[in-house]
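The values are calculated or read from the model by the stated rules, or taken from the named source; none is laboratory data. Worth saying up front: this structure is predicted, and the values here are computed from it rather than measured. Here the Cβ positions follow ideal geometry from the backbone for every residue, glycine too, while neighbour counts run over all protein chains shown. Protein only, heavy atoms only, side chains kept; ligands, DNA and RNA dropped before computing areas. Shrake-Rupley method; radii C 1.70, N 1.55, O 1.52, S 1.80 Å.
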Amino acid sequence: MSYKNFPMVPRVIFGRGSFNQLSDILAPKRLSINAPFIFLVDDVFKANSWLTPRIPISYDDKIIYVSADEEPKTEQVDALVEDIILNAKERPSGIIGIGGGTLLDLAKAVSIMLTNDGQAKDYQGWDLVKNAGVYHVGIPTISGTGAEVSRTTVLTGPSRKLGINSDFTPFDQVILDSELTKNVPKDQWFYTGMDCYIHCIESLNGTYLNAFSQSYGDMALSLCKEVFFEGRLSKAQSQEKLMMASWHGGMSIVYSQVGIAHAMSYGLSYLLGTKHGIGNCIVFDHLEAFYPEGVKLFKAMKEKHNIVLPAGICADLSDKEFDIMIDVALDLVPLWENALGKNWEKIMTRKKLKELYQKM
Ligand code: NAD
Ligand code: ZN
């Protein structure tokens, strides 16, 4: 038996206001005055006089605002990399992603593609990256995905939605400043927060579970319950705890896997562009046969926060379109194997999967 040897984020700062230390953190990492830091920032902060003036810019450093309306695409990564190479005198000193999972994933992917030949789509999969990326920093502004700690960057490519999973993907530095999450709209807070909750349920109920994953998953689940169900926390406490839930949830799946909601949500996302958080919620709401306890609590939390999920998003799809979603979902073999065991193909047939999608 050979065990996987996983990398972890080597440096992390936690604390409200810690974003102000970014300048001190970056200074020693500057390779030369011609090697800029590139800040990839969610464009929701473009006109934000509270955050943007605090981004430390000097020499040729550059802020690139990116919309998070759509999830990251391999072509988008290639275009960003080309733009950065064309405009910088030297290879950048670092890439800093500021935003949610979308921006964090883009920062990770751009960092990798600055030092590896070819196109981002060539690296979708497991352990295909050859060279370490440039120094990269992740600064989440919304909590739940675990992208700040994970070993993957999830990208939609020409033929599939699949992560670049590699030892070079995790950030070199993360800044966990929960104050940055204070203006997240309520529905989005719930959807992205539930991504974390679903990571826990899928990891803790999976066949890949081990004590490492369980210790993180239990902790993340208990934090999610405090934040979304028990409701005795101040705003700041709730933001801090959700940030740590996201971290632990991400750590839990590093050494196990996610499951059915994620596999099916990838299908929705690929065909319909449904975003990760809300897509997971839409799917998970119908998975009581697989995760009875988890779905019961999910429904209670949904009710508590008056969240109404979209219904009927698959109502008008053709058979061909169902087939596309089913292909994307079934392609994610480790997720199914984790959820249902080695004989998963006997349990989750195409017919069964279609019936589930038809309910959504
Ligand atoms: P997101 O980055 O897509 O952002 C969601 C919305 O919240 C956007 O409209 C964004 O502008 C807004 N927003 C973010 N921070 C805000 C703030 N502080 N104030 C106001 N608005 C704010 O959201 P997400 O759910 O964090 O990320 C989803 C993405 O993460 C998907 O692309 C998914 O594939 C990816 N993901 C990656 C991993 C991983 O391990 N790499 C894991 C799960 C999900
Ligand atoms: Zn997820």
Quick check, is SER159 away from ligand 1 (no atom under 15 Å from the Cβ), surrounded by fewer than 24 Cβ atoms within 10 Å (Cβ to Cβ) and outside any helix (DSSP H, G or I)?
-> yes
Verdict on THR169 being assigned to a loop (DSSP other than H, G, I, E, B), open to solvent by less than 20 Å² (accessible area, probe 1.4 Å), outside the structural domain of MET325 (by TED's automatic domain parsing) and not hydrophobic (A, V, I, L, M, F, W, C) | yes
Give the number of residues within the stretch 256-280 that are surrounded by fewer than 24 Cβ atoms within 10 Å (Cβ to Cβ) and under 21 Å from GLY100 (Cβ atoms).
-> 7
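Here is a yes/no grid of residues against (1) touching a Gly at 6+ places or on another chain (Cβ under 7 Å); (2) aromatic (Phe, Trp, Tyr); (3) open to solvent by less than 60 Å² (accessible area, probe 1.4 Å):
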site	(1), (2), (3)
PHE284	no, yes, yes
ALA289	no, no, no
LEU297	no, no, yes
ALA315	no, no, no
PHE322	no, yes, yes
In the stretch 216-255, which residue that is among the polar types (S, T, N, Q) and open to solvent by less than 10 Å² (accessible area, probe 1.4 Å) is farthest from the chain's Cα centre (by Cα)?
-> SER252
Please find, among VAL174, VAL149, the residue that is under 16 Å from the mean Cα position of the chain (by Cα), away from ligand 2 (no atom under 16 Å from the Cβ) and within 30 Å of PHE190 (Cα to Cα).
-> VAL174
Name the residue, out of LEU26, LEU80, that is in contact with a strand residue (DSSP E or B) (Cβ under 8 Å, 6 or more places away or on another chain), over 30 Å from GLY157 (Cβ atoms), open to solvent by less than 90 Å² (accessible area, probe 1.4 Å) and assigned to a helix (DSSP H, G or I).
-> LEU26
Could you grab me the full set of residues in the stretch 174-201 that are more than 11 Å from ligand 1 (Cβ to nearest atom), in contact with a helix residue (DSSP H, G or I) (Cβ under 8 Å, 6 or more places away or on another chain) and open to solvent by less than 10 Å² (accessible area, probe 1.4 Å)?
-> ILE175, LEU176, TYR197, CYS200
Could you tell me which numbered condition ALA68 fails, if it satisfies all but one of (1) open to solvent by less than 30 Å² (accessible area, probe 1.4 Å); (2) part of a strand (DSSP E or B)?
-> (2)
